[in-house]
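One structure below.
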Amino acid sequence: ISLDISNAYPEDAGINSWIRSIVLNREAGYIEISEDFLLKEETDDIKLNFMTPLLPSFEKDGLINLMGEKDFIIKFDPDKLTFLSETIDIEDDNLKLSWGSKLYRIILKTKDKVLSDVISFRISLRR
């Protein structure tokens, strides 16, 4: 599936086009997400966020381990992106019922200035 998400951002974000594609490969056991974008001017401030209730840990270049009842791996290009994470305490009792007491924000930030690029991630069960 592919979606044009450029209209989800305000005009001052400087986005000409942004196509997000998601592919489920059942045989190989992964989901691939691709971000294909063209900006109005170069920036090194592209941040791609993932929210998860699973504790993330940076395993090695380009691999993030998500630890839980089942462990998952997120693979990304370490030449293009750096990994950061934040812990978010949940205070709303209704949200705690679904998500637990914490969520984690995984932030993958571009290392260099870009005008356009295609950035891809693969998410799979750890085997």
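Could you tell me which of the residues Leu39, Leu108 is touching a residue at least 40 places away in the same chain (Cβ under 8 Å), closer than 30 Å to Gly14 by Cβ, touching a Gly at 6+ places or on another chain (Cβ under 7 Å) and buried (at least 16 other Cβ atoms within 10 Å of the Cβ)?
So the residue among Leu39, Leu108 that is touching a residue at least 40 places away in the same chain (Cβ under 8 Å), closer than 30 Å to Gly14 by Cβ, touching a Gly at 6+ places or on another chain (Cβ under 7 Å) and buried (at least 16 other Cβ atoms within 10 Å of the Cβ) is Leu39.
Do we have any residue at all in region 28-35 that's open to solvent by 50 Å² or more (accessible area, probe 1.4 Å), under 25 Å from Ser98 (Cα atoms), in a loop (DSSP other than H, G, I, E, B) and not aromatic (Phe, Trp, Tyr)?
no
Suppose the filter is in a strand (DSSP E or B), free of Cβ contacts under 8 Å to residues at least 24 places away in the same chain and open to solvent by 40 Å² or more (accessible area, probe 1.4 Å); does Glu86 pass it?
yes
For region 67-78, enumerate the residues that are modelled with pLDDT under 95 and either over 15 Å from Ile123 (Cβ atoms) or open to solvent by less than 40 Å² (accessible area, probe 1.4 Å) (or both).
Gly68, Glu69
Within region 48-58, is there a residue that is of a type in the set (Gly, Ala, Ser), at pLDDT 95 or above and open to solvent by less than 80 Å² (accessible area, probe 1.4 Å)?
For region 48-58, residues of a type in the set (Gly, Ala, Ser), at pLDDT 95 or above and open to solvent by less than 80 Å² (accessible area, probe 1.4 Å): absent.
The values are calculated or read from the model by the stated rules, or taken from the named source; none is laboratory data. Bear in mind the structure is a predicted one, so any value in this text is a computation, not a measurement. Cβ sites come from the backbone with ideal geometry, for glycine too, and all protein chains shown count toward neighbours. All accessible areas refer to the heavy atoms of the entire protein, side chains included, with ligands and DNA or RNA removed. Shrake-Rupley method; radii C 1.70, N 1.55, O 1.52, S 1.80 Å.
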